[in-house]
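Here is the structure we will look at, set down as structure tokens.
Since every read-out is calculated from the coordinates, none of them should be taken as a lab result. Bear in mind that the values here come from a model prediction, so they are computed numbers and not experimental data. Glycine also receives a Cβ, built like all others from the backbone with ideal geometry; neighbour counts cover every protein chain displayed.
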Amino acid sequence: MTERLIAIGDIHGCRNALKTLLEAVDPGPQDIVVTLGDYVDRGPDSAGVIDELIALGKRTRLVSLMGNHEEMMLEVVRHGEPHHNWLRYGGVETLESYNFDGGLDFLSPEHDRFFDSLGDYFVTDDYFFTHAAYDPGLPLEEQSTEMLRWYSLTEGVPPQHISGKTAVVGHTANRHGEILDVGHLLCIDTYCYGGGWLTAVDLKTRKYWQASDDGVLRS
């Protein structure tokens, strides 16, 4: 079977949606699965999502990127930054999923290693992947983390990157649950935590799968 190149959008604690999606996609050892970040916050089971991704990494070629929500969490947990913004944007739900008891050492060693493994971008022959966006005129290795993790497409869709490759991003949620495809950029954040869908796409065939957090697969 020819290997597939599959991207999965923002999960945000939606473990049920992720499990349903993975059952439908059924990634194998030769497939590459790129998860675009924002695994935690807002949805009901961030800790469970990380468990699912760690298990997924044992049966397929998993590439996981850092989202702005992982950045916010790790700034609090590892670097002692003020917690107010993180809690305001979904950190409370994440702490509940980890059975938070007041200490900031709630991440298991296995989860710590997962967060340590997260990259800023991933490049293949025809595509590159970031959490949020990119500066079209800069090589990926020179991009700011602000652009890669925080830039919203509501401020404007960037032109095609100088590499000529197609960008695959998340971060900017389409509250109607639809994929944004402008040719040189594909945004697959489809608002799972807010009642929308979690999206996966096989980039080679442009086959899509979508699942809701109540376990429904969109037909």
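Before moving on, here are some points about what is shown:
- If you take all other residues with their beta carbon under 15 Å from the beta carbon of Ala7, and give Lys and Arg +1 and Asp and Glu -1, the sum is -3.
- DSSP bridge analysis restricted to the chain gives an antiparallel fraction near 45%, rounded to the nearest 5.
- For the stretch 51-157: rounded, prolate or oblate by the Cα gyration tensor [a/c cutoff 1.5]: oblate
- Relative contact order, percent, the chain [alpha-carbon distance under 8 Å, six or more residues apart]: 25 percent
- The stretch 1-49 and the stretch 130-209 have Cα centres spaced 16 Å apart.
- Three-way shape label, the stretch 145-219, alpha-carbon gyration tensor, a/c 1.5: oblate
- Global geometry of the stretch 4-63, whether rounded, prolate or oblate, following the gyration tensor of its Cα atoms and the 1.5 cut on a/c: prolate
- 222 nm mean residue ellipticity, helices alone, for the chain (DSSP H n ≥ 4; -39,500 (n - 2.57); rounded to 500): -7000 deg cm²/dmol
- Charge tally in the Cβ shell below 13 Å around Leu56, where Lys, Arg are +1 and Asp, Glu are -1, Leu56 excluded: 0
- Extension gain, Tyr98-Asp112: 0.36 nm per intervening residue step, less the Cα-Cα distance, totals 3.7 nm.
- Each 5 Å bin from 0 upward holds the following percent of the Cα-Cα pairs of the chain: 1, 7, 16, 21, 21, 17, 11, 5, 1, 0.
- A simple count of charges around Leu140, restricted to other residues whose Cβ falls under 12 Å of its Cβ and scoring Lys, Arg +1 and Asp, Glu -1, yields -3.
- With a simple spin-label model that places each label point 7 Å from the Cα along the Cα-to-Cβ direction, the separation between Asp214 and Thr145 comes to 3.9 nm.
- Student exercise, the chain dipole from Lys, Arg, Asp, Glu Cβ charges, in Debye to nearest 20: 660 debye
- Hits among lysines - C-alpha to C-alpha of Lys204 under 19 Å, sequence gap 8 or more where chains match: Lys165
- Taking amide H as placed 1.01 Å from N in the peptide plane, Val34 has its amide H under 5 Å from the amide H of Ile6, Ala7, Ile8, Val63, each at least 5 places away in sequence or on another chain.
- Segment Glu23-Ala55, extension gain: residue separation times 0.36 nm, minus the distance between their alpha carbons: 10.2 nm
- Proximal lysines to Lys58, defined as alpha-carbon separation beneath 20 angstrom and excluding residues fewer than eight positions away on the same chain: Lys19
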